[in-house]
Amino acid sequence: MTYCFAWKSDGEIYIVADSLTSAKSEAAFEREATLSSVGELYGEYNSYFIAETNTKIYVKNNIVVAYAGKDTKIFEDVKNNLDLMIDHLTPEQIISYLPEILVESELILGVKNENNKLYHLNNYGFKEIDGYIAIGSGSKIPDLNNLMQDFTVTYPDPSYEPRKKLTAATAYLQMISIKNNFLGYFVGGTFCGVCIHKEIEWNDDLLYFFYDEKFENKKLINFIIRKNSIITGSDFTGLTKLFQYEEMDEIEFRKMSRYIHKCISSYIPRYVVFYSFEFNNIYFCDIYKYTHTALMRIFQRRGKVSRTELFTSPFLLENFLLKNKNDEKFIIPFNYLDTSPVPYVPRDQLIENVENIWDVDFGYENFDYPLESIELPIEISDVFKSQIEEYENIIIVNFEYLESKILELKNFYNGLNVSFDSLKILTGICKRIEKDFEIDNIKILLFSKRYEFFYNRMANLEMYLNQADCSYKLFTETLLLNYYQDDRYYHLNKIFIIDDSPHLNDLFEIFPDYNRYQDEADIFMVKNQNRESQVLYSPYYYNADILISKIAGLSDEALGWWDPVGTPQEELEKIAEYLNFQIENSIF
């Protein structure tokens with residue numbers, strides 16, 4: 001069952017496969033939706049139940065395999081055996097062994113070496129392929145093999161880089177499958193591909209855009225591959241979906257969940273693929289990972305409720321999308337489009353002048369500023385004391401600010417028997433954050449001009465000295481940008497910043513608006529209250545004076561009564577005596 005095809009050209013290898021699995025019992029699948037990511041209806045087809053579950057392609061070091069067969073357990077055996085053999089046997093030895101476990105299944109296998117090799121394997125043995133090969137139940141679909149073979153020769157421009165050729169073939173087969181409903185052949189779901197050239201690469205990031213004849217009913221499908229797994233975000237299902245992945249512990253599962261959500265809500269596609277069943281043309285548009293181009297503008301909203309909105313230009317509609325209907329049932333015209341970046345225009349301003357008012361969904365607002373145009377100040381991956389994957393929740397401390405705030409509060413509460421100890425304050429902030437957000441695994445990154453000797457008394461605290469090439473300012477700005485731009489950081493949960501420096505304004509002014517709300521924010525601050533703060537565009541924040549004073553042991557009553565400037569000395573002494581009695585007896 002399934003469909004995989006591959007071809008070799010000029011020493012480069014291309015492999016494409018679907019993600020559909022069939023079973024005799026519907027109970028074999030744990031499904032959250034009745035449709036696949038691309039809108040296909042699950043159900044019983046030719047006495048089998050179907051669902052998209054996993055890519056049929058597996059990559060291990062320099063070997064790529066694509067699987068076709070009825071028994072998915074055999075594919076698991078292939079992967080497990082490959083994992084065991086890859087570091088001990090040559091590719092030739094592996095290829096000789098694998099046919100013994102295939103039974104009625106087949107493999108396409110590609111090897112990256114000085115002379116990239118492509119093979120077809122079944123239980124009878126193996127054969128090297130120099131041209132085109134297709135396996136699986138989809139091979140029985142009339143004319144499909146000829147169609148895809150012709151596409152690989154005719155459509156991709158020879159000048160295109162390998163990944164673009166691969167992505168075009170993947171998108172083409174995806175549209176052909178949806179248009180002709182190959183589910184009866186047990187072919188479908190989300191297609192993906194791998195190319196082997198100077199390196200091994202998955203197909204590039206895609207955004208599928210489906211529309212009707214009147215351009216009113218539109219569906220978007222976000223499609224990316226990360227960590228060798230398919231991730232989709234589909235308007236058909238309303239779900240973000242990570243295809244099959246390995247079992248993991250609770251912490252790793254939390255990180256992975258955040259990672260896939262941020263990947264699908266933050267990525268910028270390389271290609272946008274337009275298709276309408278009524279017009280029956282495929283438009284494969286290279287936007288070069290720019291959200292604002294001459295042909296279209298993409299707006300994104302990250303956060304718990306993520307959203308992607310695409311504004312098409314009148315030129316794109318009139319000259320391509322709503323033109324040239326054709327009645328071809330199988331061979332769908334495939335058109336390459338290129339576009340170039342244009343200056344950013346805010347969504348509100350665009351709506352005022354938009355000609356395609358049907359592009360606008362007025363139920364959503366507060367879309368994010370496109371951050372891809374902002375360059376990182378420095379590279380910080382080698383600055384962390386541990387691997388970035390080990391972090392989950394981070395508190396960044398500008399110790400100069402914290403120290404000055406503690407000194408300010410010490411002087412203000414002079415006369416009360418409270419201790420403003422740095423270690424106690426940082427420990428208290430951690431406990432408050434753990435309680436408010438029900439989180440753990442917090443790391444404190446403390447930046448200072450000198451070593452603070454208390455730091456080795458706190459297990460989750462890391463000490464960083466400010467350097468000219470990596471200061472608190474440069475590190476913080478880079479980390480915040482990486483949080484939204486670099487998928488190596490997408491597993492991170494919350495970032496808290498203890499500081500009140502104006503340099504943060506430039507970033508906070510353009511960061512997602514939802515950071516202002518406690519229940520949705522990614523980034524938080526502990527800073528001065530607004531009228532005394534230099535951070536004008538702050539995310540949700542804790543008032544440093546109140547938070548630190550309470551951690552030191554002062555109650556709301558003490559905070560309200562104590563006013564050494566506006567209270568006569570005799571009265572202040574009586575208030576101090578009363579409050580100190582409460583402090584000593586731990587009333588609050």
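Quick notes
- So residue 508, is it open to solvent by less than 10 Å² (accessible area, probe 1.4 Å), touching a Phe, Trp or Tyr at 6+ places or on another chain (Cβ under 7 Å) and under 28 Å from residue 373 (Cα atoms): no
- Filtering 275, 288, 245 for residues that are of a type outside the set (A, V, I, L, M), touching a strand residue (DSSP E or B) at 6+ places or on another chain (Cβ under 8 Å), modelled with pLDDT under 90 and more than 26 Å from residue 365 (Cβ to Cβ) leaves a single hit, 245.
- Of all residues in region 235-246, none satisfies being farther than 30 Å from residue 340 by Cα, touching a His at 6+ places or on another chain (Cβ under 9 Å) and of a type outside the set (Phe, Trp, Tyr).
- When region 315-324 is limited to residues that are open to solvent by 40 Å² or more (accessible area, probe 1.4 Å), touching a residue at least 24 places away in the same chain (Cβ under 8 Å) and of a type outside the set (D, E, K, R), the one that is nearest to residue 168 (Cα to Cα) turns out to be 320.
- Close contacts from region 1-16, counting a first residue that is in a strand (DSSP E or B) and a second that is hydroxyl-bearing (Ser, Thr, Tyr) and crowded, with 24+ Cβ neighbours inside 10 Å, with Cβ to Cβ under 7 Å and a gap of 6+ residues or different chains, come to 6/14; 7/14; 16/170.
- Here residue 327 does not qualify as open to solvent by less than 20 Å² (accessible area, probe 1.4 Å), out of contact with any Gly (no Cβ under 6 Å at 6 or more places or on another chain) and modelled with pLDDT under 90.
- Region 154-187: number of residues that are over 24 Å from the mean Cα position of the chain (by Cα), within 30 Å of residue 24 (Cβ to Cβ) and not aliphatic (A, V, I, L, M): 8
- Considering residues of region 341-357 that are open to solvent by less than 60 Å² (accessible area, probe 1.4 Å) and under 29 Å from the mean Cα position of the chain (by Cα) only, the residue farthest from residue 368 (Cα to Cα): 342
- Residue list for region 47-84, restricted to those being over 25 Å from residue 240 (Cβ atoms), part of a strand (DSSP E or B) and open to solvent by less than 40 Å² (accessible area, probe 1.4 Å): 63, 64, 65, 66, 67, 68
- Residues that are surrounded by 18 or more Cβ atoms within 10 Å (Cβ to Cβ) and farther than 16 Å from residue 223 by Cα, drawn from region 256-272: 256
- Pairs meeting the criteria (first residue in region 386-405 and more than 17 Å from residue 432 (Cβ to Cβ), second residue open to solvent by less than 20 Å² (accessible area, probe 1.4 Å) and among the aliphatic types (A, V, I, L, M), beta carbons under 6 Å, at least 6 apart or on different chains) are 399/446.
- Enumeration of residues in region 378-419 that are open to solvent by 10 Å² or more (accessible area, probe 1.4 Å), among the aliphatic types (A, V, I, L, M) and assigned to a loop (DSSP other than H, G, I, E, B): 378, 383, 416, 418
- Failed condition for residue 159, given (1) at pLDDT below 95; (2) open to solvent by 20 Å² or more (accessible area, probe 1.4 Å); (3) in contact with a helix residue (DSSP H, G or I) (Cβ under 7 Å, 6 or more places away or on another chain): (3)
- Region 270-304, residues that are part of a loop (DSSP other than H, G, I, E, B) and free of Cβ contacts under 8 Å to residues at least 60 places away in the same chain: 281, 287, 288, 294, 295
- Taken together, 52, 92 contain a single residue that is touching a residue at least 60 places away in the same chain (Cβ under 8 Å), at negative phi and among the charged types (D, E, K, R), which is 52.
- Tally of residues being touching a strand residue (DSSP E or B) at 6+ places or on another chain (Cβ under 8 Å) and either of a type in the set (Lys, Arg) or open to solvent by 30 Å² or more (accessible area, probe 1.4 Å) (or both) across region 6-28: 6
- Qualifying residues in region 121-144 (those that are hydrophobic (A, V, I, L, M, F, W, C) and not in a helix (DSSP H, G or I)) - the one most open to solvent (accessible area, probe 1.4 Å): 126
- Residue match in region 4-16 (condition: closer than 19 Å to residue 181 by Cβ and under 26 Å from the mean Cα position of the chain (by Cα)): yes
- Identity of the residue in region 170-189, touching a Ser or Thr at 6+ places or on another chain (Cβ under 6 Å) and either among the small types (Gly, Ala, Ser) or modelled with pLDDT of 95 or more (or both), that ends up farthest from residue 143 (Cα to Cα): 189
- Filtered residue count, region 79-126, keeping only those that are aliphatic (A, V, I, L, M), within 21 Å of residue 202 (Cβ to Cβ) and more than 31 Å from the chain's Cα centre (by Cα): 1
- Elements of type helices (runs of 4 or more DSSP H) contained in region 469-588, each with 1 or more residues being without any contact (Cβ under 8 Å) to a residue 60 or more places away in the chain and within 34 Å of the chain's Cα centre (by Cα): 472-485, 505-508
- Filtering 118, 109, 147 for residues that are crowded, with 18+ Cβ neighbours inside 10 Å, closer than 25 Å to residue 185 by Cα and of a type outside the set (Lys, Arg) leaves a single hit, 109.
The values are calculated or read from the model by the stated rules, or taken from the named source; none is laboratory data. Small disclaimer: the values here were computed from a predicted structure and weren't measured. Note that each Cβ is placed from the backbone with ideal geometry, even for glycine, and that neighbours are counted across all protein chains shown. Surface areas here come from the heavy atoms of the whole protein model, side chains and all, with no ligands, DNA or RNA. Shrake-Rupley method; radii C 1.70, N 1.55, O 1.52, S 1.80 Å.
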